[in-house]
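Let me begin by presenting the structure, written as structure tokens, before commenting on it.
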Amino acid sequence: MNTSTYRYEAYSADGRRHNGTLASTSRIDALNSLHGQGLIVTELQADSAGRRTPLLPRVLPATERIFFLHQLSALLGCGISLATALSMLATSMESPTWHTILTRMEQDLSRGQSASNTFRSHRYAFGDLLPFLVEVGELSGRLEEMLLRAASIMESQREFRKRLGDALRYPLIVLTSLLGAFVFAVTMIIPRFADIFARSEATLPLLTRFLLGLSSFFSHYGIILLSTLLLTTAALLAVHRRVPGARNFLFRMGLRFPLLGTILQISMVSHLFMTLKTMLQGGIPLAAAMEMVRDTTANPLLRQELQLAHELLNQGAPFHAALEACTIFPGLAVQMARTGEEGGTLEQMLEKTATFYEQQAQQKLRTLAGYTEPLLLLLSGVFVLILALGILLPMWQVTRL
């Protein structure tokens, strides 16, 4: 009988990662063999087959993914098999992208691939977290419930990003408009008065001389300045994408911003605790759950901190001690985790803490929006005052001569 070599990645009950190869007659036999060893399989592919090349959009829109998970959960709740449910949804989807993805998933399931590996094969479209939650649902026999929890987590993330975007969009638009108006005034309006001021014998005010100097600078070096800014921005973006240390540094700097840093920190803790609670309720050991969450985060700093926490858990440290050793968890979160751990109610305490921090993040976002509006009005007034005084003061002096 022909055998094939399969590469696998799996986790043991103590949270340790296992990588290797396995000879088996089929993918199903290989998966059953690994499950028989007590391993939670996260990757299983034929050695000759590389990773699936994503020819479709990297991540589907959050609102569409949430709606899909609710639909899929409802169909599973009616007793319909996963493969049949995916086939039904693929037929009803108007989007060609969704139709293609769901058809491929239904075909993978028909070949004997597990639900978690099916979603993992398409994580370029669904993200990294969903396959782990599907696997938890598979192992616990509560796939329908886990799909709803995954949708809830995605909805919470989407709502936070929307609120944060709404809070920052208005200030960015106003600041960009003010900067553009200032550059236009300095390069187009101020030079029209330069000849009038030059013919006068009056001593120009310091503010007017400053504006004339800026006008001359932009006239001579504006193209060079713009090119330098664009090249610097492109270089910083390249470093941010390719150098993990640079991303860590920028994220740490972001956490130090007043109010905004606090919002980012507590929202990150809220999402982490809610995900951990979901995995623990699905029967995943704490150390394994911590490593799974670590592998699903795209934030390099958070990944680094979760790696430290995972190592401490493997060494036998309590959960609250592992959190306390990290720098990104607030003291209150550590104390709440300790209370839940000592009282045997860790899952409930994680949920309460996540809900508390989510509410705090929303409140601070409203506070941030309340601060930005008067500050922008003040900045706009200063901008108008500088231009008015820079032009009107020397004009007043000229008319007096």
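Observations, loosely collected:
- Selected residue (only one of ALA150, ALA125, ALA167 is closer than 22 Å to LEU276 by Cα and surrounded by 16 or more Cβ atoms within 10 Å (Cβ to Cβ)): ALA150
- GLN113, sole failed condition from (1) surrounded by 14 or more Cβ atoms within 10 Å (Cβ to Cβ); (2) in a helix (DSSP H, G or I): (2)
Results for (1) closer than 30 Å to LEU211 by Cβ; (2) exposed (fewer than 14 other Cβ atoms within 10 Å of the Cβ); (3) of a type in the set (Lys, Arg), shown as yes or no for each residue.
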residue	(1), (2), (3)
ALA354	no, no, no
TYR357	no, no, no
THR372	yes, no, no
LEU385	yes, yes, no
ILE391	yes, no, no
TRP396	yes, yes, no
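Read-outs throughout are calculated quantities, based only on the coordinates presented, and are distinct from any laboratory measurement. Please read all numbers here as calculations on a predicted model, not as lab measurements. Cβ: placed from backbone, ideal geometry, glycine included. Neighbour counts: every protein chain shown.
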